[in-house]
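These notes concern the structure reproduced below.
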Amino acid sequence: MISGRILYELRSSRGLTLEQASEIIGVHKSTLCRYEQEETITLRPPVLDAVCRLYGVTPALLEAERPEEVLWYPLLSPTEVAEAYAKLPERDRIRISRMLLPDPAKR
């Protein structure tokens, strides 16, 4: 089961209209509107895949029982993350790399 609220939050955070998002996902805009207004919905696998690709999320995020815990921060696209990372000072990029990449000595 997918939270309609999460679908709405994802679309809104990306600045997409119903028409734009529905065209990319491959459903009518009234269908997407209905999805967003429902508390929980079930999406067909092709639609779920299209939603995940469009918003850059996993099905697990869409299935969160408490969307407010997942969506407390603005969701960024991979490009936005890369741009923000590139603006960081070198020491901060090194710290982040150390947190994200496994230590070769521990392999």
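The values are calculated or read from the model by the stated rules, or taken from the named source; none is laboratory data. Treat the numbers as computed from the prediction; the structure is a model and nothing was measured. Reconstructed Cβ throughout: ideal geometry from the backbone, glycine too, with neighbour counts over all protein chains shown.
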Scanning segment 21-59 residue by residue, the ones that are among the aromatic types (Phe, Trp, Tyr) and at pLDDT 90 or above total 1
Yes or no: segment 78-101 includes at least one residue that is of a type in the set (A, V, I, L, M, F, W, C), surrounded by fewer than 15 Cβ atoms within 10 Å (Cβ to Cβ) and at pLDDT 90 or above.
yes
For segment 42-58, the count of residues that are more than 17 Å from residue 27 (Cβ to Cβ) and in a helix (DSSP H, G or I) equals 0
Scanning segment 17-41 residue by residue, the ones that are touching a residue at least 24 places away in the same chain (Cβ under 8 Å), farther than 12 Å from residue 63 by Cβ and either part of a helix (DSSP H, G or I) or of a type in the set (A, V, I, L, M) (or both) total 7
